[in-house]
1. At what distance in nm do the modelled label points of Ala124 and Lys251 sit from each other, each positioned 7 Å from its Cα along Cα→Cβ?
2. How much length, in nm to one decimal, is gained on full extension between Leu273 and Glu180, taken as 0.36 nm per residue of separation minus their Cα-Cα distance?
3. Quick one: pull the percentage of alpha-carbon pairs in the range 175-236 with a separation above 13 Å.
4. Along the range 50-67, what does the Karplus equation 6.51 cos²θ - 1.76 cosθ + 1.60 (θ = phi - 60°) give for ³J(HN,Hα), rounded to whole Hz, x for Gly and Pro?
5. Shape of the range 32-115 from its Cα gyration tensor (a ≥ b ≥ c, root eigenvalues): rounded if a/c is under 1.5, otherwise prolate when a/b > b/c, or oblate?
6. Ignoring ligands, DNA and RNA, please state the percent of accessible area on the range 226-266 from carbon and sulfur, probe 1.4 Å.
7. Too long at a 24 Å Cα-Cα cut-off: which of Lys41/Lys64; Lys63/Lys175; Lys182/Lys264?
8. What's the extension gain from Glu55 to Val160 if we count 0.36 nm per residue and subtract their Cα-Cα distance?
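The values are calculated or read from the model by the stated rules, or taken from the named source; none is laboratory data. What you are looking at is a predicted structure, and each value in this text was computed from that prediction instead of being measured. Every residue, glycine among them, receives a Cβ derived from its backbone with ideal geometry; neighbour counts consider all protein chains shown. Accessible surface is based on the protein model in full, side chains and every heavy atom, while ligands, DNA and RNA are left aside. Shrake-Rupley method; radii C 1.70, N 1.55, O 1.52, S 1.80 Å.
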Amino acid sequence: MAVIVRGAVVRRRLFMFVGRSATLAVVALWIAACATGGAKKVPTGTPEPDRFLWERGTEALNKKRWIVAREYFRQLVDSYPQSPYRADAKLGVGDSYIGEGSAEAFVLAINEYREFLSFYPTHARSYYAQFKLAMAHFYQMRAPARDQTETREAIRELTVFVERYPNSPLIEEGKQHLREAKDRLGDSEFAVGQQYYRMKYYPGAIGRLKPLVESDAEYSNRDAALFYLGESLLAMQQSGAALPFFERIVKEFDQSEYLERARKRVEELQATLKAKGSPS
């Protein structure tokens, strides 16, 4: 009986070994297939091998073959330190990571662009590296109700881009994305302030909304922020402090869902303050 059991165990182990071996063989074949479809080495006798790598990498990048493009660019960067294409190839590596679009790839892209700016601070395409560095954070921005770390990083890097490269061909796009990032952060602060207002926790609402309207005069949803800030101050019996925020809505906005209510508040508060100031 023991012999039969031992035989069964041996057969089971042999089956498991064969199964694992087959799996490993399949994996090896898959890796070989990937390698076959990847970047090739420079053909012997190529007169300008660095240019060959640059052109093949660029072609692969344009076809969104991110890994293949990166392999060509890596060969160039590692093997031809004096090549005039080396700096552009390093940018190509970063672009291939951004093209992949995963969280891990964005981290690697950021590293590539930072290294480029460190190695080539005066390069003609340093503006591009700074822009793409910022965009690697921009693409990772989360919804207003979630963590805004990447939004703050995008704002920081886009601000550097706008201030350092005002004549860049990407300047208008950079300004637009900077505004979008600031609005995302503003929406996050506004959502918290509005929630505090609805909970009737007015000090909390004021603490969120007042810094928002004072620090970002171009915030796209500032009419709502101004209105709820004014209403929160009113609820705290601070009529004099509330009035200027309602007046800003009337002055700055021709169209707003809060415009009529703001006008009504201005009239009421001006009348109340006038009455308080008149002699009895």
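1. The answer from the label model is 4.9 nm.
2. Between Leu273 and Glu180, full extension yields an extra 29.6 nm.
3. 54
4. 5, 5, 4, 5, 4, 5, 5, x, 5, 4, 5, 4, 5, 8, 6, 8, 4, 5
5. Verdict is oblate for the range 32-115.
6. Ligands and nucleic acids excluded, carbon and sulfur give 45 percent.
7. Pairs exceeding 24 Å: Lys63/Lys175; Lys182/Lys264.
8. Additional length available on full extension: 34.7 nm.
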